[in-house]
Amino acid sequence: MSVFGFIIFIIAQMGYAGGLREFGINKHLSWITGMIVQTLFLYVFAMLKLLPFALTAVVIFGVLIEAIRIVLLLLHKGRTKFEEMHYFDVWMLVIGIILGKTLANSPLLHYDNYSHWALIVKFLLFQGHLPTATDSLISFTSYPPATALFITQFVHWVGFSDGAMLVAQFLLIWASFYAIFSVLRDRTRALNAFILCFIISITNVFNIAIRMNNLLVDFVLPVVTAAGIAGIYTYRKKWKIACFIAFVFSAELLLIKNSGAMYVVMTGFYLWYTLMKNTKGNLFERIGKSSLLSIPTMVLGYLPFFWWNLHVKSTFAAVSKHQISSQAYKHQLSNEGTTVILKIGRKFIHEITSTNSLSTKGVILINIGLIVAWLIIRIFLDKKTNLFATLVALDLSFVAYYISVFAMYIVSMPYAEAIKLDGCERYLSSMVILNLLLGSMALVVAMDRAYFEQDISKRSLRSFYSIITKNMYQIMALVLMIFSVIMMFSEINGIEYNDTLGKEELPVQMKNLASQTTKMNHTKILLVDPHVVDADDYYAGYVGRYYFFSDKVIGQENFTMSKEQFKATVNGYKYVVIPEWHRTFTVMTQRVYHQHLKVGIFKVTPNKLVRVKNIKV
């Protein structure tokens, strides 16, 4: 990883964040908002076929903004004021550095990294453009490129590697988490801040199917949504900034993945509700004014995605998996009989009602937590609170999301995957993560409004109802701080443990075999894999396609065949790659070529396999 490139990139982030602060956005929201603005810039340039220029220009522009800010500060003309550090700032900084360092040393192991998410970053970086119809290496052509563009920008400056890609995505996730602290009215209250820190650490429990050491967006979507909703709440009385936040975050969410539509709907409804609650006039006037502001805002947020859909339809003839297409949906529904739909439905209902399901446990946790908090504030403290209304809204969002996920299985997934509810826990946990964050934000707001002293300027060490409540407050804050740290270190240890187990996995074996190919090619390569599952589910093939940057890589395990068949099979390729000893393949090469081969890369010739250091394209 290039230290110089990393420093330049960070200065650029400071420039974008600082520039947004000059326009009134607070420091907690400014980081993720700046990253989203950069991503949208990159997206526009990529659509205009100017991606290589943008990868450099967007960062340089951020550096120039920071240089101008420094000059303005020296001349005492800048609007940005210095804000003191709080407990949660230190927590986020220290935990962030440790977690980032761990991710920088982690390999990519998950299947979907190689079927799309890491592959598209490598493609964008080394090809310099969005996929076209001739680029058969990319299978999921309808997937929007937002996170891939930001990650590509990062690796363009710091160097391409698994760890660099993971760090880039982590910056998006961590900046989104930092944004939720913007809802705190009084940031000196340690208890409120550490509730949010604790919830951040809890989200890793429900992200266990993915973890942060994978480039899948199922964790990015909910945390970015939570950051956007936090921004709308923070600027609920400044409609211009609230609408700007809703616009850029909605555009980003739709460009992260097609399934971001559900999160955008939630963002749009919350913007409308917030504007309606904070607009003057009678009910009908407020509804009208909020609609006139929120509807155009959300339409603007949809336009970049609309542009993407036009691009996909005009570029690719075939419909990609998970693509939003009415034609594909009609075709799928015509093939799915009532019996099949009911079978999938029964299995889906069993999944969401089973207490063994992690996502179901999350739903129960959210409901119990908010009900208990509502009872304490409303009944015991006799304070008004909207926590119960918040819980109702969150439960309705669960219902709507479950319906949308079930619809996805019915209309856009092949039966073989749908009947197994492939990825179901991962999808459902995304909404649990979002509602955990939203519920925690609502909780700390309600707690702040229930404190004995409501005037922030008068709050001090003596601002408690009694010595008992003061002691309870301090103990709870300390306990939450300790547990939030413990749980984050548990996540770090879990990632490191997975990395240790992954040393025997195919992607790591490939790294030990040869350096990656970065020039697109169509070289025919046979990847010999002794694991039946890796070959049958195309994992070996995807890893090989990614690693050798060729659309002609085939992973195969079965070599139980005659000598003539074996020779004909091998001669159909230019290279044979053996990352791990395969008993049958070794025996067959001994019989056919009279060679004893175990591990390595071999060039295929008519009469023998010649060992080479790497594949030449």
Discussion item. Cut-off under 18 Å on the C-alpha distance; same-chain residues fewer than 8 positions from Lys81 excluded. Which lysines are left, in chain and number order?
Written reply: Lys27
Practice prompt. Sort His594, His522, His311, His156 from largest to smallest accessible area, using a 1.4 Å probe on the heavy atoms of the protein chains.
Written response: His594, His522, His156, His311
Worksheet item: Once Lys and Arg get +1 and Asp and Glu get -1 on their Cβ, which of Ile366, Ala514, Met1 lies farthest toward the positive end of the dipole of the chain?
Response: Met1
Practice prompt. With θ set to phi - 60°, apply the Karplus curve 6.51 cos²θ - 1.76 cosθ + 1.60 along the range 513-524 and write out the HN-Hα couplings as whole Hz, x wherever there is a Gly or Pro.
Written response: 8, 6, 7, 5, 8, 10, 9, 4, 8, 10, 5, 7
Response to the item:
Counting only backbone N atoms under 20 Å from a point 7 Å out along Cα-to-Cβ of Leu72, the residues of the range 7-21 in range are 10-21
Practice prompt. Along each of the three principal axes of the Cα atoms of the chain, give the extent in whole Å, ordering the values from largest to smallest.
Written response: 88, 66, 49
Worksheet item: Rounded to the nearest 500 deg cm²/dmol, what is the calculated helix-only ellipticity per residue at 222 nm for the chain, with -39500 (n - 2.57) per DSSP H run of length n ≥ 4?
Response: -21500 deg cm²/dmol
Worksheet, complete the sentence: Once Glu496, Glu504 are ranked on solvent-accessible area with the largest value leading and a 1.4 Å probe, the list reads Glu504, Glu496
Worksheet item: So how compact is the range 530-606: Cα radius of gyration and Dmax in angstrom?
Response: 12.0, 32
Worksheet entry | On Cα atoms only, tilt of 162-179 relative to the major axis of the chain in degrees | 20 degrees
Discussion item. What does the C-alpha gyration tensor say about the overall shape of the range 348-430? Classify as rounded when a/c is under 1.5, otherwise prolate if a/b is larger than b/c, or oblate.
Written reply: prolate
Discussion item. How long are the semi-axes of the equivalent ellipsoid of the range 139-184, taking √(5λ) for every eigenvalue λ of the Cα gyration tensor, in whole Å from largest down?
Written reply: 24, 16, 8
Response to the item:
Ignoring ligands and nucleic acids, Lys598 exposes an accessible area, probe 1.4 Å, in Å² to the nearest 10, of 110 Å²
Item to complete: Any aspartates and glutamates with Cα under 15 Å of the Lys470 Cα? List them, leaving off those in the same chain fewer than 8 positions away.
Response: Asp448, Glu453
Worksheet, complete the sentence: For the chain the mean separation of alpha carbon contacts under 8 Å (6+ apart) over residue count, i.e. relative contact order in percent, is 15 percent
Practice prompt. Beyond 19 Å between alpha-carbons counts as too far, so tell me which of Lys574/Lys608; Lys524/Lys613; Lys280/Lys384; Lys552/Lys603; Lys567/Lys598; Lys237/Lys289 fall in that bin.
Written response: Lys280/Lys384
Fill in: Solvent-accessible heavy-atom area per residue, rounded to whole Å², over the chain at 1.4 Å
46 Å²
Worksheet, complete the sentence: Reported to the nearest 10 Å², Thr355 has, with a 1.4 Å probe, an accessible area equal to 90 Å²
Practice prompt. Please work out the Cα center distance from the range 232-300 to the range 562-617, rounded to the nearest Å.
Written response: 60 Å
Fill in: Cα long-axis angle, helix 87-104 against the chain (0 to 90 degrees, to the nearest 10)
0 degrees
Discussion item. What is the percent carbon and sulfur in the accessible area of the range 172-231, measuring with a 1.4 Å probe over the protein chains and ignoring ligands?
Written reply: 65 percent
Worksheet item: Hey, got the dipole for the chain? About the Cα centre, +1 on K and R Cβ, -1 on D and E Cβ, debye to the nearest 20?
Response: 900 debye
Worksheet item: Pairing the Cα long axis of helix 3-22 with the longest principal axis of the chain, what angle in degrees results, from 0 to 90 and rounded to the nearest 10?
Response: 30 degrees
Item to complete: Would you tell me the accessible area of Trp91, worked out with a 1.4 angstrom probe on the heavy atoms of the protein chains, in Å² to the nearest 10?
Response: 20 Å²
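The values are calculated or read from the model by the stated rules, or taken from the named source; none is laboratory data. Predicted model, so just to flag it, every value in this text is computed and none were measured. With ideal geometry, Cβ positions are generated from the backbone for all residues, glycine too; neighbour counts draw on all protein chains shown. All accessible areas refer to the heavy atoms of the entire protein, side chains included, with ligands and DNA or RNA removed. Shrake-Rupley method; radii C 1.70, N 1.55, O 1.52, S 1.80 Å.
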